[in-house]
């Protein structure tokens, strides 16, 4: 058998890669064929032959590749309320897509089977869709929007970027459901094409953030502020976990941040935790804790607070913050009544920030 040089083998690998993967955007080349990924705030410096924290961006011969471009692990037509987005085209459907991998390693991840994966799983799982095929599918299914969700969309940025531009051109809306750990540069690329965001604010203490996610708090806060200033629609979600982020002082800090830096009309979704992944010994969040968080949000001046992961609770409904009449009645992800009149409360004419057109 003839000897194959290392360079020849690498060239063959690059040829295979070009057929099934895509060179990454937003990275820079370093010395010794290392690269730095500038997509999320980990800013991974990746040696030759290695992958970043997300495991789906790999340095091959000094170039960074996305290993998951167009390789979807899930695509489903969901109520937009499931994202959750309660003030963005309520009652419509979103084609929700996701891949493998994540740039966080949350101990409580409820999608750990797709987010916390091995190299073998990356190679073995997923079905390929071209960007235009996803847009076609969304239109065929009668969806108003495409949601980039299930796992962290930042790590499949190149694909989401291509899909979002086509979707925008064909009259669809784009939704970004994220942990918020993207760089400012990446956010600058996506903001023109994304119409609504739901960002997780998982805690308000740096130590907690780093221990349970592997990330840091400040980049998430920076992303939230930038999105709020952009004028794009924003909703915030906090999964409340017993003994992790459920103290009144921490919940108050989150509510105050939303009120003072994002706006009183930004909806805050407070979700009940259920045992999952590495936190399967922790009990579900007590209802009393969620109600306490609700009152803390109200006392901070937030106008729209919703309790999630508890079916048939009245705190899924939208009330007028001025006259307190019921405007949108929900059960689970379904709307049972909707009484707004041209974007206003029909009882007191108070403008309600719900996007419908």
**OP:** Output the peptides 117-123, 316-322 sorted from most to least packed, where packing is the average of other Cβ atoms within 10 Å over each peptide's residues.
**Re:** 316-322, 117-123
Original post:
Going by alpha carbons, how many degrees (0 to 90, nearest 10) lie between the helix axis of 217-230 and the longest principal axis of the chain?
Top reply: 70 degrees
Original post:
For the stretch 276-316, list residues with backbone N below 12 Å from a point placed 7 Å from the Cα of residue 336 toward its Cβ?
Top reply: 312-316
Original post:
Relative to the first principal axis of the alpha-carbon coordinates of the chain, what is the inclination of helix 6-20, with its axis defined by its Cα atoms, in degrees from 0 to 90 and to the nearest 10?
Top reply: 40 degrees
**OP:** Starting with the highest mean, order 284-293, 86-95 by the number of other Cβ atoms within 10 Å, averaged over the residues of each peptide.
**Re:** 86-95, 284-293
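For the stretch 71-338, what's the relative contact order in percent, using C-alpha pairs closer than 8 Å and at least 6 residues apart? All intermediate terms of the calculation are to be shown ahead of the outcome.
On the way: 513 pairs, mean separation 41.3, N = 268.
Dividing the mean separation by the residue count of the stretch 71-338 yields 15 percent.
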**OP:** Note the angle between two axes, namely the Cα long axis of helix 287-299 and the longest principal axis of the Cα atoms of the chain, as a number of degrees from 0 to 90, rounded to the nearest 10.
**Re:** 80 degrees
Original post:
Modelled label-to-label distance, residue 206 and residue 260, 7 Å Cα→beta-carbon offset: nm?
Top reply: 1.7 nm
Original post:
So, in Å, what gap is there between the alpha-carbon centers of the stretch 190-226 and the stretch 336-357?
Top reply: 30 Å
**OP:** Calculate the length of the line joining the C-alpha centroid of the stretch 266-296 to that of the stretch 107-168, in whole Å.
**Re:** 27 Å
Original post:
When the chain is fully extended, how far beyond the present Cα-Cα distance does residue 29 get from residue 299, taking 0.36 nm per residue of separation?
Top reply: 92.2 nm
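Once the piece of chain linking residue 230 and residue 349 is laid out straight, how much longer is it, given 0.36 nm per residue of separation minus the C-alpha distance between them?
Values: separation 119, 0.36 × 119 = 42.84 nm, distance 2.69 nm.
Result: 40.2 nm gained on full extension.
Percent antiparallel among DSSP beta bridges with both residues in the chain, to the nearest 5?
Values: 29 of 56 bridges.
So the antiparallel bridges amount to about 50 percent of the total.
Readers should treat all values here as calculations from the given coordinates under stated rules, not as data from a laboratory. Not measured: the values here are computed from a predicted model. Note that each Cβ is placed from the backbone with ideal geometry, even for glycine, and that neighbours are counted across all protein chains shown.
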